[in-house]
Amino acid sequence: MNICVYGAASTKIDKSYISAVEELGYLMAKQGDNLVFGAGGNGLMGAAARGVKQGGGKITGVIPHFFRDEMIEEIYGECDDLIFTETMRERKAKMEELSDAFIVVPGGIGTFEEFFEILTLKQLGRHDKPIAIYNVNGFYDNIEKLMYDAMNEKFIRSNCRMLYMIFSDLDEMFAYVHRSASHGLTVHDLKDG
């Protein structure tokens, strides 16, 4: 299975996040999964890649040309496949196309945007792939609260809670990702408008 991992590129984050995501990557590879990611060499992107590499898995990085040309972010040097795109939109589309499931680890603006885009596409019926949030150190507690608040206020249908799952336990998360069962809902069950 090709699993896309979305996560931070920051070099300044606490080492506990790095260790947790390296372990995630290692366990992915040990169970035969491959990594699709944004090709970053630092932060949690780099941690996921190092873990997968240590576990003997295959790594596909996807990154826009301008990241390299403008030296925006260090590119992970041991990708088995490295795909360059023209834009961020093309990067996300290519990562979605190549992936069978998505795991969101802690991150910043880009990670939040990736999560909400892949979630929106699932809500709209453009894919039915598992979306898991790895809630290291309770990082995503506030996003979960935001989602519940929006559901309680009727901005989001409560059925949308079935589109993703939040985990702090890796075994439970991998079981969910590999189960890959369809939620059985249509766009009309998930969206008003």
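Only the coordinates and a few stated rules stand behind these numbers; no lab work does. Owing to the predicted nature of the structure, the values given are computational and were not obtained by experimental measurement. Reconstructed Cβ throughout: ideal geometry from the backbone, glycine too, with neighbour counts over all protein chains shown.
Couple of notes before you dig in:
- Gyration tensor verdict on region 58-161 (Cα atoms; rounded if a/c is under 1.5, prolate if a/b is larger than b/c, oblate otherwise): prolate
- Overall form of region 7-93 per C-alpha gyration tensor (a/c, 1.5; a/b vs b/c): oblate
- Applying the criteria of a DSSP loop state and at most 14 other Cβ atoms within 10 Å to the GluC sites (Glu not before Pro) of region 100-165 yields GLU153.
- With a cut-off of 14 Å between beta carbons, the residues surrounding PHE115 carry a summed charge of -2, where Lys and Arg count +1 and Asp and Glu -1.
- Ranked for footprinting exposure by Cβ neighbours inside 10 Å, fewest first, ARG161, ARG179 give ARG179, ARG161.
- Per-residue Cβ neighbour rank within 10 angstrom, fewest leading, MET147, MET165: MET165, MET147
- Beta bridges by DSSP in the chain, antiparallel share as percent, to the nearest 5: 5 percent
- Dipole check for the chain: with +1 at the C-beta of Lys and Arg, -1 at the C-beta of Asp and Glu, and the Cα centre as origin, the magnitude is about 240 Debye.
- Lys/Arg +1, Asp/Glu -1 at C-beta; the chain dipole; positive extreme among THR186, ALA150, ALA49: THR186
- Relative exposure of LYS129, LYS154, LYS191, judged by other C-beta atoms within 10 Å (fewest first): LYS154, LYS191, LYS129
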